[in-house]
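The values are calculated or read from the model by the stated rules, or taken from the named source; none is laboratory data. From a predicted model like this one, the values you see are computed outputs, not experimental measurements. Glycine gets a Cβ as well: all are built from the backbone with ideal geometry, and neighbour counts include every protein chain shown. Surface accessibility is based on the protein's heavy atoms, side chains included, excluding ligands, DNA and RNA. Shrake-Rupley method; radii C 1.70, N 1.55, O 1.52, S 1.80 Å.
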Amino acid sequence: MAMRRAVGSLVRRDDLAEGLGYGLKRRLLGRPLINEQLGEQRLSKRLALGVLSPDGISSSAYGTEEILIELLKGGLAVTAFTVLLPITGVVLFVMALVVLSYREVVMVYTRAGGSYAVARENFGPRIAQIAAVALMIDYVVTVAVQVAAGTAAVASAWKWLGESTTRLTVASILIVLLMLYGNLRGIREAGRSFAVPTYLFSTVTLLMIIVGLVREATVGLPLYHPGSGIVTGTPNHSTLIALGLIFVLLRAFANGGSSLTGIEAVSNAVSAFRPPEGRNARRVLVIEGLILGSLVAGISWIAHVTHARPYLSGVPTVISQEARLVFGHGATGDVMFILVQAATALILYTGGNTSFNGFPFLASFVAEDAFLPRWLMKRGHRLVFSNGIVVLAVLSISLLAAVGSNVNNLVPFYAIGVFTAFTMAGLGMAKFHYTTREPGWHYKLVINFSAGVTSLVVVLIFAVVKFTEGAWLVVVLFALGVPALIYLNRQYRMEARVLEGIGRRGPPEPPTYSRRSVYVFLDDYDLAAVAALRYARSLRPTSLRAVHFVIDNVQADKLRRDWMRANPGIALDFVDCPDRRLASAAANLAGAEAALPGVGVTAILPRRSFAPIVGRLLHDRTADKMAAAISRIPHAAATIVPFDVRSRVESLTSRGLPGKPAAAGEAGKSEAEPAAPVPAPPVPAAALPADDPIPGELVSPAASGPHDRPVPARGITPIGSLTRPGRAVTEGRVHTVEIRPVEHNTVLACDIEDATGQLTALFYGRSNIAGLRPGSKVRLRGQVGIRENKPVMINPAYELLAPGEGDGSGRDRG
């Protein structure tokens, strides 16, 4: 009796409060958001240009510098600044092809997904995984490159930061961690503040270019006088037809391709535009291309005139040197220099942050197609794809830690993924136009096919000329990643075929067991064992037996003494297990019983639940292994009854009780009871009071969670106030919908709850009501009855106030 009271004293409503981990998450990230707050802000063209273009426009800050690095390393110190211009022209030509191709993408594919959606629709889901891997690599490297470039911009103005590569790397990692925290809190890119860096950078950089052109035409621009640590190479006196020079030019062109990254961002967010989505997205894409092309051309021209030189450490940057030469060293020049560096850092950091929106959405799309783990589809505490955000941050930080915060070291990982996505989009759109043959399809086919082939050539060039500098790793990731995604999809499809086979064959016949045998496997007699025994009794089995597999005689003797002292009224069997294979022994015992005619077997296993890390260290999850073995036996099932040890200890501590519960044998005695064992009659689950739930069972918290209790609208009665029969109007959120068969008919039972209580609404003769699903908000009007101390409404009039997740309906009346 004392043991039963001990269990009841440990399991109370306030014990169901969330643990330390959730409390810390809520303190750091804020209160959880509900599904109704998952709104989507439609973007105007002006706002979309600022929000969606940072990744593309910001690449102009380092594109020219990357071309110069390869030209100077290749020994073209004399002609590098002359060759810079034609290479820039080739890069801009490729950019124009890509922009023209994506103009068609945004008109046809208005759902988010970009090149992945294009490849999936035109080449099939398996080939589309090439685009998926390319985009995921692109997003990961984008974070690293953009953050590294942004930190270099800061270091160009703050000399102390640029004096050590370690400082640059640590600063970049801290920025990524800050992005991780902000995005887990639910930072949305559809805000005006995210558009400011785009317009600020574009304005000040165009101003720098215009001032530079004016000064060049009037008084002339000074040449840059480099210090130590600049990029140099062995002079090359061979002619332009030399293979070595061709190789250098190809490397310079490949590096210059980094200027094109981010163009596809608009295609990944077409659905966020105001109608007409496709036309508005096309205009924004063209404007972005024009701005990007102007900036790249202008920065390359200023570098050509001033001979700004890149440094091995990446600091100071070429664009910072140009700003200093164009604006001078006076007070105004200092202000403009700081403004250029601040704007550059802001747009680069903002461009890196766009990946925290794109990568989780792409991962959710691919997971929806069953090519990635399905946990990437789940929204987290703040309605963001938290798992995808964390994965992106971990991969980006790992890349920065391995390579360092140096843009030139990261570029070899960059362009292969970017241009592979361009290739899939261009060739996919070419196939689309060839298949549909809509008006003007010849012209569109030529543009998209040219863009696809050109992008493929860039991929091949990059894979060859940058192979030893890191491109080999990207090639390996493609070679391993695409088959891995296809393999994962094959596993999901196999599971689906097995699980959906029941639906194709119709519902299985319900079991007609004449006997129901229940085994409770125990290793000790404690509160967890009592919880399992009480649950087993609630099943009302034909036979109920407790079983202990003997692998330690001392433990077996202790259990026997505790069992006799408590006298729970259940037979306890001690089964020898000489080979100590508990899972096999449990399966053999259950299998032998289940083989008898008309016998169904249920195995109950108590499991003591600890904190995840501590639990892994302290326990080997034997209950899970035994349950897995038993579940494979026909006519047998295993049920694990969890007992949360951590919450019980915290509860005892908070109430000022000893942190160590009494031993099971000692708990059977109290000062008010005799020492002799007192048989404990079976207590079914239904006989327990509402405030004393069975240990191990789950009790649903209020739907409002951490929110404050709302004030009910006028005329609306809170559910918790419905304690007597009568007519009432109430409202709440649908928590559970259940279809119950009733003699040639069905009853739709809905559990409605608000912050004060729960009500059951029964709709006789109905199996479905459009819009009435878990998560929807409904107002009920009708007669209230009381059944088992709980309000019940039968066939009430209903009004849908808010649709459930995924329901597009509005209001409805019954």
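Worth pointing out:
- Residue that is closer than 21 Å to L68 by Cβ, assigned to a helix (DSSP H, G or I) and at pLDDT below 85, where the choices are S300, S267, S258: S258
- Verdict on R309 being of a type outside the set (D, E), assigned to a loop (DSSP other than H, G, I, E, B), open to solvent by 50 Å² or more (accessible area, probe 1.4 Å) and at pLDDT below 90: no
- Filtered by the rule that a residue be in contact with a Phe, Trp or Tyr (Cβ under 9 Å, 6 or more places away or on another chain), assigned to a loop (DSSP other than H, G, I, E, B) and of a type in the set (G, A, S), segment 208-227 gives a lone residue, G227.
- Scope segment 262-297; condition of a type in the set (D, E, K, R) and within 30 Å of V211 (Cβ to Cβ); matching residues: R283, E288
- Within the set I287, I263, I291, the sole residue that is farther than 12 Å from T110 by Cβ, open to solvent by less than 30 Å² (accessible area, probe 1.4 Å) and among the hydrophobic types (A, V, I, L, M, F, W, C) turns out to be I263.
- Within the option set T454, T436, T420, being within 29 Å of the chain's Cα centre (by Cα) and β-branched (V, I, T) holds for one residue only, T420.
- Among the numbered conditions (1) touching a residue at least 60 places away in the same chain (Cβ under 8 Å); (2) in contact with a helix residue (DSSP H, G or I) (Cβ under 8 Å, 6 or more places away or on another chain); (3) open to solvent by 10 Å² or more (accessible area, probe 1.4 Å), the only one that L376 does not meet is (1).
- Residue among V384, V407, V403 that alone is at pLDDT below 90, open to solvent by 10 Å² or more (accessible area, probe 1.4 Å), in contact with a helix residue (DSSP H, G or I) (Cβ under 7 Å, 6 or more places away or on another chain) and closer than 29 Å to Y492 by Cβ: V384
- Taken over segment 316-336, the criterion of being open to solvent by 20 Å² or more (accessible area, probe 1.4 Å) and in contact (Cβ under 8 Å) with a residue 60 or more places away in the chain is satisfied by P316, L325, F327, M336.
- Only a single item in (1) part of a helix (DSSP H, G or I); (2) buried (at least 24 other Cβ atoms within 10 Å of the Cβ) is not met by V394, and it is number (2).
- Residue tally, condition of a type in the set (A, V, I, L, M) and touching a helix residue (DSSP H, G or I) at 6+ places or on another chain (Cβ under 7 Å), over segment 773-802: 1
- Identification of helices (runs of 4 or more DSSP H) wholly contained in segment 42-152 with 3 or more residues that are among the hydroxyl-bearing types (S, T, Y) yields 60-73, 80-108.
- Cross-chain or 6+ apart pairs with Cβ under 6 Å, segment 719-735 first and closer than 19 Å to G775 by Cα, then charged (D, E, K, R) and open to solvent by less than 30 Å² (accessible area, probe 1.4 Å): G732/E753; H735/E753
- Selection of segment 119-147 for residues being open to solvent by 30 Å² or more (accessible area, probe 1.4 Å) and under 23 Å from the mean Cα position of the chain (by Cα) yields R120, P125, R126, I130, M136.
- Yes/no for A463 being more than 23 Å from A265 (Cα to Cα), among the aliphatic types (A, V, I, L, M) and assigned to a helix (DSSP H, G or I): yes
- Among the candidates G150, G114, the residue that is open to solvent by less than 10 Å² (accessible area, probe 1.4 Å), in contact with a helix residue (DSSP H, G or I) (Cβ under 7 Å, 6 or more places away or on another chain), touching a residue at least 12 places away in the same chain (Cβ under 8 Å) and farther than 21 Å from A451 by Cβ is uniquely G150.
- For I69, the stated conditions do not hold, so it cannot be described as surrounded by fewer than 24 Cβ atoms within 10 Å (Cβ to Cβ), out of contact with any Ser or Thr (no Cβ under 7 Å at 6 or more places or on another chain) and of a type in the set (A, V, I, L, M).
- Subset tally (residues that are farther than 16 Å from L801 by Cβ and either in contact with an Asp or Glu (Cβ under 8 Å, 6 or more places away or on another chain) or part of a loop (DSSP other than H, G, I, E, B) (or both)) for segment 752-789: 10
Let's see how each residue does on (1) among the hydrophobic types (A, V, I, L, M, F, W, C); (2) open to solvent by less than 50 Å² (accessible area, probe 1.4 Å); (3) outside any helix (DSSP H, G or I):
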| residue | (1), (2), (3) |
| --- | --- |
| I447 | yes, yes, no |
| T454 | no, yes, no |
| V458 | yes, yes, no |
| T468 | no, no, no |
| V475 | yes, no, no |
| G481 | no, yes, no |
| L485 | yes, yes, no |
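- Selection from segment 343-381 of residues that are in contact with a Lys or Arg (Cβ under 8 Å, 6 or more places away or on another chain) and in a loop (DSSP other than H, G, I, E, B): D369, A370, H381
- All of L161, L92, L84, L100 fail the test of being open to solvent by 50 Å² or more (accessible area, probe 1.4 Å) and either more than 25 Å from L372 (Cα to Cα) or not acidic (D, E) (or both), apart from L100.
- Tally of residues being in a helix (DSSP H, G or I), closer than 18 Å to L312 by Cβ and among the small types (G, A, S) across segment 157-170: 1
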